[in-house]
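Have a look at the structure below before the remarks.
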Amino acid sequence: MGAEEVQSPVSHPTPAGEVSWTPIAEEAERAAKLLHPETKFPKPAHRRVFTIANQKGGVGKTTSAVNLAAGLAMHGLKVLVIDLDPQGNASTALAIEHRSGTPSIYEVLLGEVSLRDAAQVSDQSPNLYCVPATIDLAGAEIELVEMHGRETRLRAALTDQALDEIGPDYVFIDCPPSLGLLTVNAMVAAQEVLIPIQCEYYALEGLSQLLKNVELVQKHLNPELDLSTILLTMYDGRTKLADQVSAEVRSHFGDVVLQTVIPRNVKVSEAPSFGQTVLSYDPGSRGAMSYLDASREIAERGAAR
Ligand code: ADP
Ligand code: MG
């Protein structure tokens with residue numbers, strides 16, 4: 001909901017093909033409150049480390065990692081995004097230097113650089129840190145195979161002590177679109193898994209494989225790992241299918257699924273090309289509002305855990 005949309009009396013398709021809608025007064029008021037930077041989200045009792053995983057590409061892993069992180073950071077929490085995808089999309093979205101040779105998660109995995117030394121502050125918020133991924137990480141999937149402790153190298157780098165040097169309340173590890181060793185490292189290093197699920201026909205395909213991997217990691221490498229959060233993304237309210245997928249996911253996973261659903265919104269996809277999160281690119285957009293809402297839900301759950 002941009003400023004013009006708030007005044008528009010009825011739902012109508014925008015030129016971009018999206019449905020804009022008129023929020024009722026309450027919704028507008030709630031939104032204004034949520035956007036207000038003075039509104040502080042509650043701190044979690046303990047630092048929460050999430051891995052954002054789904055071996056499908058293009059489901060909103062990176063978009064969710066950076067925008068949830070920005071939502072939490074904007075409301076007073078300290079957040080670290082770890083870019084574990086050689087494509088470096090999270091680094092790009094947060095305008096973090098990630099040319100080859102920049103200290104990155106690759107050197108951290110090799111044990112050559114500390115987490116603190118690889119972390120950069122994002123200009124999106126002084127509370128928002130990012131350890132970038134460079135193209136050097138592309139070889140890691142293969143190099144790791146030969147390495148000692150190949151599944152546990154990220155965990156070895158993310159000790160309490162190493163994290164304390166940055167001090168985040170939340171850590172989001174953005175995974176590549178595969179179930180290879182990088183994703184395994186992320187699942188071993190995290191306490192929680194967040195799975196973004198795109199509200200479309202093939203969304204549930206491959207999910208059982210992902211769940212099986214989570215179980216394998218729980219059984220053999222990280223018994224603490226909790227599939228705590230599912231986020232429905234790219235919801236298109238004009239299609240029946242989106243509702244069917246969301247109903248099916250909710251009936252399967254119950255409370256694990258966040259109430260907030262992220263709509264398909266063109267502002268969300270435009271933001272990264274400006275090195276911005278959607279929260280700063282267009283704070284009044286539906287995409288920004290929904291990511292803020294989702295981050296608030298995550299923070300509230302974190303405080304209650
Ligand atoms: P992944 O990290 O899972 O591969 P991305 O987060 O990169 O997926 O998203 C894939 C593409 O979809 C990107 O171009 C992104 O900008 C776009 N996108 C993600 N979420 C939305 C959304 N809610 N509305 C519109 N476009 C989106
Ligand atoms: Mg990605």
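Read-outs: derived from the displayed coordinates by stated rules, not from any lab. What you are looking at is a predicted structure, and each value in this text was computed from that prediction instead of being measured. Counting neighbours? That spans all protein chains shown, and the Cβs are built from the backbone with ideal geometry, glycine included.
Relative to the dominant Cα principal axis of the chain, helix 207-220 is inclined by about 40°. Between region 213-266 and region 87-142, how many Å separate their Cα centres? Taking the Cα centre of each part, region 213-266 and region 87-142 sit 27 Å apart. Taking Cα centre as origin and charging only the Cβ of basic (Lys, Arg, +1) and acidic (Asp, Glu, -1) residues, the dipole magnitude of region 174-248 rounds to 120 debye. Here's how it looks for Asp226: its modeled amide H is under 5 Å from those of Glu192, Val193, which are all 5 or more places away or on a different chain.
According to the Cα gyration tensor, what semi-axes, each the square root of 5 times an eigenvalue, does the equivalent ellipsoid of the chain have, listed from largest to smallest in whole Å?
Values: eigenvalues 195, 91, 64 Å².
Over the Cα atoms of the chain, the ellipsoid semi-axes are 31, 21, 18 Å.
In the chain, a dipole from Cβ-located charges (positive for Lys and Arg, negative for Asp and Glu) runs towards its positive end, and of Ala31, Leu80, Gly60 it is Ala31 whose Cα lies farthest in that direction. From least to most packed, judged by other beta carbons within 10 angstrom and beginning with the fewest, Val121, Val257 follow the order Val121, Val257. Computing FRET efficiency as 1/(1 + (r/R0)^6) for Asp255 and Leu204, where r is the C-beta to C-beta distance and R0 is 25 Å, gives about 0.85.
Rounded to the nearest 10 degrees, the angle from helix 25-35 to the longest Cα principal axis of the chain is 30 degrees. Sequence neighbours fewer than 8 away in the same chain don't count; with that in mind, list the lysines whose C-alpha is under 26 Å from Lys43. Output for Lys43: Lys33, Lys61, Lys78. With the helix formula -39500 (n - 2.57) applied to DSSP H stretches of n ≥ 4, the chain reaches a computed 222 nm mean residue ellipticity of -11000 deg cm²/dmol. Among Glu200, Glu248, Glu26, the largest mean-square fluctuation in a Gaussian network model of the chain, built with springs joining Cα atoms closer than 10 Å, belongs to Glu26.
Note on the chain: with a GNM built from Cα contacts shorter than 10 Å, the maximum mean-square fluctuation among Ala138, Ala157, Ala28 falls on Ala28. Under the criterion of Cα pairs below 8 Å and six or more residues apart, the relative contact order for the chain equals 25 percent.
Charges were assigned to the Cβ only: +1 to each Lys and Arg, -1 to each Asp and Glu. The resulting dipole of the chain about its Cα centre is roughly 440 debye. In a reduced charge model with +1 at each Lys and Arg Cβ and -1 at each Asp and Glu Cβ, region 135-181 shows a dipole moment near 160 debye about its Cα centre. The length gained by stretching the chain between Leu241 and Ser114 to full extension, at 0.36 nm per residue less their Cα-Cα distance, is 41.1 nm.
Positive end of the dipole of the chain (Cβ unit charges, origin at the Cα centre): among Leu227, Thr102, Asn127, the Cα lying farthest that way belongs to Leu227. The Cα atoms of region 129-205 give a gyration tensor whose axes a ≥ b ≥ c have a/c of 1.5 or more with a/b no greater than b/c, which makes the shape oblate. Each of Ser125, Ser295, Ser208, Ser228 was scored by other Cβ atoms within 10 Å of its Cβ. Arranged with the fewest first, they read Ser208, Ser228, Ser125, Ser295.
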